[in-house]
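So the structure is just underneath, and the comments pick up after that.
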Amino acid sequence: MRLEQILPVPGIRVIRGDTARDITGVAFDSRRVVSGNLFVALRGQHTDGHAHIGQAIASGAVAILCETPHPSVNATIIEVEDSRSAMAVAAANFHRHPSRSLKVCGVTGTNGKTTTAFLVRHLLDTAMMRCGLLGTIRYEIGGRVLPAPHTTPESAELQSLLGQMVAAGCKAVSMEVSSHALDQGRVDQIAFDVAVFTNLTQDHLDYHGTMDSYFAAKRRLFEGLAASHNKHPHAVLNFEDPHSARLRERMPKDVKVLTYGMGSRADFRAGNFQMDFQGMTYQLQTPGRSFLVRLPLIGRFNIYNSLAALAAASALGVDMRPAVCALADAPQVPGRLEAVPAKRAFRIFVDYAHSPDALVNALRTLRELNPRRVLVVFGCGGDRDRTKRPLMARAVEEGADYAVLTSDNPRTEDPEAILADVRVGFRTAAHETIADRKEAIFKAVALAGPRDIVLIAGKGHETYQEIDRQRLPFSDSEVARWALEALPPPPAAL
């Protein structure tokens, strides 16, 4: 595609050089530039792409989108006001706006994004609407599964992935939309059919600063919904979260709103739910119809996630009866109250809960299974919101019988300093500190007795521990299995 076809992009100040050049792709990482690329210089928290323009040109970039002048005579220079905003448009133009050819469901909120996106993908796949997936755990394109470096990719990568989905025969995509992505304009050129809001609780204040700024980022997804490109957008909102009412205040008038929850005024509502270790059942009420739902997941919050997924699927044209039937075969989402197989008298669950609210929900769910005790292994990530650290301790103390405080992903912080911040929140002595995460998991598993539940919280599906800018192999579920193998054999039945 010619550069002149990718342009115009917003905020152009100056163009120096030939715009008839052939462009082979849009790149924002100078290490991944190949011959013929348009390189976009982005300013990040730790690096500035403008410092790598020379490297990009040496690697074959023939055009540069940037915010400051560059003296190159070998590449066309396009100076713009905002590189991120320009990249979103350039990438969408280069890939011929693939989201317009897909049914696009975006899920945002503090908790529940991953599970809801997985459930939407499952419902659409079952409805013969081949569906891609983009989210925290992985990316799925047709039959391919790719690792997920980010919950929501940068706009250039996102448009490329959506283009690959169209080429692979996908008719839809279910994607998590993070607050960082919304704030940075990564999804600005995505034509959404459905936007789902799960909830809003304290998280990511290290980035957003305040809850109002955090909410404002989430709201961008709904303010951007518009009836265009033959789409009739829907917003699916958690009726019981007070932020939903604020989202509706500035929603475009042509957006249809569906609500979900357990209250009688929600459009998709659940009642009479029952739960055991194998899953849950509940009665679903929709306008004019009622269904018995069977779900092989546990937790009241998963009722909300499934309601959101059903409402989204309905907005995308899926009939409710087959959708409800499909939920009975819903997949286990890795690291979301994931049961670790254990032929013992106690149970072990691995969960991604890394905010106070997520811990409260996970512990409340496990309490509903009537265990003798709940033992928790948890920590807090480094280089993240410090104000939530004592709140995490209080959530654990209120919901568990005993806690083993340990390292999560300390990143560039001193692990002991993080643990000291967390300990401030404890008010009783029903806890101990073991900085080594493997040792902490082994200790909790060794403490477990009949009818106990061990919850290993914080990292969920992650297969690494991030320490001093290195990602070292580490899997909570794998370490839990090692801890089980290290136990003495259970007593033989008489």
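Odds and ends about this structure:
- Residues in segment 78-108 that are under 25 Å from the mean Cα position of the chain (by Cα) and in a strand (DSSP E or B) were compared, and the one that is nearest to residue 159 (Cα to Cα) is 104.
- Criterion violated by residue 298 - all others in (1) under 21 Å from the mean Cα position of the chain (by Cα); (2) under 21 Å from residue 200 (Cβ atoms); (3) in the same structural domain as residue 236 (by TED's automatic domain parsing) satisfied: (2)
- Within segment 115-132, the set of residues being surrounded by fewer than 24 Cβ atoms within 10 Å (Cβ to Cβ) and closer than 21 Å to residue 179 by Cα is empty.
- Residue that is at pLDDT below 95 and not β-branched (Val, Ile, Thr), where the choices are 13, 43, 84, 21: 43
- Scan segment 243-261 for residues that are in a loop (DSSP other than H, G, I, E, B) and at pLDDT 95 or above and the total you get is 1.
- Within segment 224-233, at least one residue is modelled with pLDDT under 95 and crowded, with 18+ Cβ neighbours inside 10 Å.
- Residues of segment 127-143 classified as within 20 Å of residue 26 (Cα to Cα) and either in a loop (DSSP other than H, G, I, E, B) or within 14 Å of the chain's Cα centre (by Cα) (or both), total: 2
- Number of residues in segment 343-397 that are buried (at least 16 other Cβ atoms within 10 Å of the Cβ), of a type in the set (Val, Ile, Thr) and part of a helix (DSSP H, G or I): the value is 3.
- Meets criteria (within 28 Å of residue 470 (Cβ to Cβ) and either hydroxyl-bearing (Ser, Thr, Tyr) or free of Cβ contacts under 8 Å to residues at least 40 places away in the same chain (or both)) for residue 389: yes
- Checked against (1) free of Cβ contacts under 8 Å to residues at least 40 places away in the same chain; (2) part of a loop (DSSP other than H, G, I, E, B); (3) under 24 Å from the mean Cα position of the chain (by Cα), residue 471 passes all but condition (2).
- Restricting attention to segment 421-460, the residues that are out of contact with any Lys or Arg (no Cβ under 9 Å at 6 or more places or on another chain), more than 23 Å from residue 383 (Cα to Cα) and assigned to a strand (DSSP E or B) total 1.
- Residue check, residue 351 of a type in the set (Asp, Glu), in the same structural domain as residue 148 (by TED's automatic domain parsing) and either on the phi < 0 side of the Ramachandran plot or at pLDDT 95 or above (or both): no
- Whichever residue in segment 179-202 is out of contact with any Lys or Arg (no Cβ under 7 Å at 6 or more places or on another chain) and farther than 29 Å from residue 95 by Cβ and, among such residues, is surrounded by the fewest Cβ atoms within 10 Å (Cβ to Cβ): 201
- Counted residues, segment 263-285 - those being hydroxyl-bearing (Ser, Thr, Tyr) and at pLDDT 95 or above: 2
- If the condition is being assigned to a strand (DSSP E or B) and buried (at least 16 other Cβ atoms within 10 Å of the Cβ), then segment 17-51 contributes 25, 26, 27, 37, 38, 39, 40.
- Boolean, residue 351 is acidic (Asp, Glu) and under 30 Å from residue 409 (Cβ atoms): yes
- Looking only at residues in segment 398-411 that are outside any strand (DSSP E or B) and in contact with a strand residue (DSSP E or B) (Cβ under 9 Å, 6 or more places away or on another chain), the one that is farthest from residue 365 (Cα to Cα) is 410.
- Whenever a residue of segment 290-307 is in contact (Cβ under 8 Å) with a residue 24 or more places away in the chain and among the basic types (Lys, Arg), its partners that are part of a strand (DSSP E or B) and surrounded by fewer than 23 Cβ atoms within 10 Å (Cβ to Cβ), lying with C-beta atoms within less than 7 angstrom and at least six residues away or across chains, give the pairs 294/279; 294/281.
- For segment 426-461, a tally of residues being surrounded by 20 or more Cβ atoms within 10 Å (Cβ to Cβ) and either closer than 21 Å to residue 356 by Cβ or modelled with pLDDT under 95 (or both) returns 12.
- Entry remark, segment 5-32: residues being under 20 Å from residue 154 (Cα atoms) and in contact with a Lys or Arg (Cβ under 8 Å, 6 or more places away or on another chain) number 1 in total.
- From 119, 123, 158, 146, residue being assigned to a strand (DSSP E or B) and either at pLDDT 95 or above or basic (Lys, Arg) (or both): 146
- Filter result for the condition that a residue is in the same structural domain as residue 254 (by TED's automatic domain parsing), among the small types (Gly, Ala, Ser), more than 19 Å from residue 139 (Cβ to Cβ) and touching a Gly at 6+ places or on another chain (Cβ under 9 Å), over 172, 217, 195: 195
- Leading residue by the ranking (farthest from residue 161 (Cα to Cα)) among those in segment 1-59 that are under 32 Å from the mean Cα position of the chain (by Cα) and hydroxyl-bearing (Ser, Thr, Tyr): 47
- Yes/no for residue 193 being modelled with pLDDT under 95, within 21 Å of residue 221 (Cβ to Cβ) and among the charged types (D, E, K, R): no
- Which listed residue is in contact (Cβ under 8 Å) with a residue 60 or more places away in the chain and not small (Gly, Ala, Ser), from 182, 161, 146, 134: 182
- Among (1) crowded, with 16+ Cβ neighbours inside 10 Å; (2) in contact with a strand residue (DSSP E or B) (Cβ under 7 Å, 6 or more places away or on another chain), the one test that residue 290 misses: (1)
The values are calculated or read from the model by the stated rules, or taken from the named source; none is laboratory data. Just so it is clear, the model here is predicted, and its values are computed rather than measured. Virtual Cβ from ideal backbone geometry, glycine too; neighbours counted across all protein chains shown.
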